[in-house]
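What follows is a short report on a single structure.
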Amino acid sequence: MTRLLKVDSKNGQMFIEGRRVMIIPVEFSSALNKGLAKVVGKGAASALYNQGKEIGNSIFDLFIRIKGIEVKYSEDDYKRAIEDFLPLGGFGRMELTELDFKSGEVVLRGWNFPEVISIGHSEEPVCHLMRGISTRFTELVLQRPLVGKEVKCQAKGDEYCEILINSGDE
Amino acid sequence: MGIIKLLKLGRQLRVKPENGQIFLNDTEVMILPTEITEELFISLNRVVGAGGASSSLYIAGKELSEPFFDILKKMYGADILNSEKKIKMALEYFVPFIGFGRVEIIEVDLKKAHIIFKGQDFPEVGITRSTDTQACHIVRGIFTGFMEILTKTPCTGEETKCQAKGDEYCEFVINPS
C-alpha cells in the first residue's frame, strides 16, 4: 500500500487511489481507548468496538478502490480484504480460518494487532477496534448485521487473537 | 505531487508484509483514511454527546503525542528539545510529512510552555466543513501533549479558529494548565 501513496507536499496531504490517508502510530487504538475510558468508563470496550465498525466502512472503501472490485463480493474478495489488504495498512496479520457465507459464521485469527502492540499485557481481550473493523468488513461482504467477539488475544498470552463473527448476541 | 517528499517518506517507511506491520523510523504505524477522524467524532457524539466526544478525542491526541514525539526525535535528534527554532522547523516539516495538513508555528516559548500555531487541512476538518464548533480535537491533543513533553509542564490546548466552522485556517493556543 505504501507504494500507492501519493504525496501532495504543498498541502500536507497524502492519498491512495484518490482517498486521503494519514500515517498514525499504532498506539492510536489504545489512545482512543484511554480517551473513551475517561468519558464512558467501563463502556469503553463496547464504544471502541462500535468505533471500529464505523471506521471499517472507510477502510473497506479504500480496499474496493485499490482492488477495483464490484459491489457484489465473493468469498475470494473477502479473503483478500482480510488476509492481503489489512496487513498492508499496518493492522497486523490476519488469517481466515472458517467461513460460511450462508450462515454468516466466520472465524479469524490475527497476529500483531495494533492494540496488542500498544497495550501489551492484559487479563481481558483488547482488540476492540480490530474486532469492529473485521466485523464491519464481514457485514459489508455478507450484507447482514453481525456481531464480533474476541475469544483469544495475544495480549492475554494466547498464541494468536481469534475473532468469532456471527449473527448471535454480543 | 511532491516527488522529493514521497521519496523521503518511502525511504523512512519500512514494511513487513509478512507480519502486517509498517514502521516509520522504527515506530510502528498504520495508514488510515483521514475521514475516520470525522466518523469517530460522529459516532462518539451519538454515545456521549459533543462534549464527551471532543474530550475523548483530545485525550486520545495527548496519548498519541508520545509515539509521534519518538518519531520526531529519531528524525531530528534528541536536541530538538532544546531549541525553539528546531521545534518550529521540525513541526512545520513533520506534520505535512505524515499527511496531517499544513502547520505554521506563530509563537513558541518553551520557558512559558506557550505555543500558538495555525494550520490548514487537518484531518478532522473533514470533507464537509460544516460544523458550528471547532473540530480538531485529536490535533489539539497531539500538540498539547508535545508541549507537555517538551516543557514537562501540564498544558491545556484551545482551538481558537477552525476551518470546519468556516474560518480561513485553524488556530491553536497552548498554555500551562
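Quick check on my filter: what residues within the stretch A:6-19 are within 7 Å of chain B (Cβ to nearest Cβ) and either under 12 Å from A:L88 (Cβ atoms) or crowded, with 21+ Cβ neighbours inside 10 Å (or both)? A:V7, A:G12, A:Q13, A:M14, listed by residue number. Inspect all residues belonging to the stretch A:96-118 and state whether any of them is surrounded by fewer than 17 Cβ atoms within 10 Å (Cβ to Cβ), free of Cβ contacts under 8 Å to residues at least 24 places away in the same chain, in contact with an Asp or Glu (Cβ under 7 Å, 6 or more places away or on another chain) and assigned to a helix (DSSP H, G or I). No, there is no match, as no residue in the stretch A:96-118 is surrounded by fewer than 17 Cβ atoms within 10 Å (Cβ to Cβ), free of Cβ contacts under 8 Å to residues at least 24 places away in the same chain, in contact with an Asp or Glu (Cβ under 7 Å, 6 or more places away or on another chain) and assigned to a helix (DSSP H, G or I). Here the stretch A:92-145 is the region considered, the condition is being of a type in the set (A, V, I, L, M) and within 13 Å of chain B (Cβ to nearest Cβ), and the residue that is nearest to B:N19 (Cα to Cα) is A:M94. Scanning the stretch A:65-91 for residues that are more than 9 Å from chain B (Cβ to nearest Cβ) and buried (at least 19 other Cβ atoms within 10 Å of the Cβ) gives A:Y73, A:Y78, A:A81, A:I82, A:F85. Restricting attention to the stretch A:114-167 and to residues that are hydroxyl-bearing (S, T, Y) and closer than 27 Å to A:I23 by Cβ, the residue that is modelled with the lowest pLDDT turns out to be A:S118.
All of (1) closer than 17 Å to A:L48 by Cα; (2) of a type outside the set (D, E, K, R); (3) part of a loop (DSSP other than H, G, I, E, B) hold for A:P145 with one exception: (1). If a residue has to be touching a strand residue (DSSP E or B) at 6+ places or on another chain (Cβ under 9 Å) and either over 19 Å from B:L64 (Cα atoms) or more than 7 Å from chain B (Cβ to nearest Cβ) (or both) to count, how many in the stretch A:33-64 make the cut? Of the residues in the stretch A:33-64, 7 are touching a strand residue (DSSP E or B) at 6+ places or on another chain (Cβ under 9 Å) and either over 19 Å from B:L64 (Cα atoms) or more than 7 Å from chain B (Cβ to nearest Cβ) (or both).
The values are calculated or read from the model by the stated rules, or taken from the named source; none is laboratory data. Keep in mind the model is a prediction, meaning the values are calculated, not measured. Cβ: placed from backbone, ideal geometry, glycine included. Neighbour counts: every protein chain shown.
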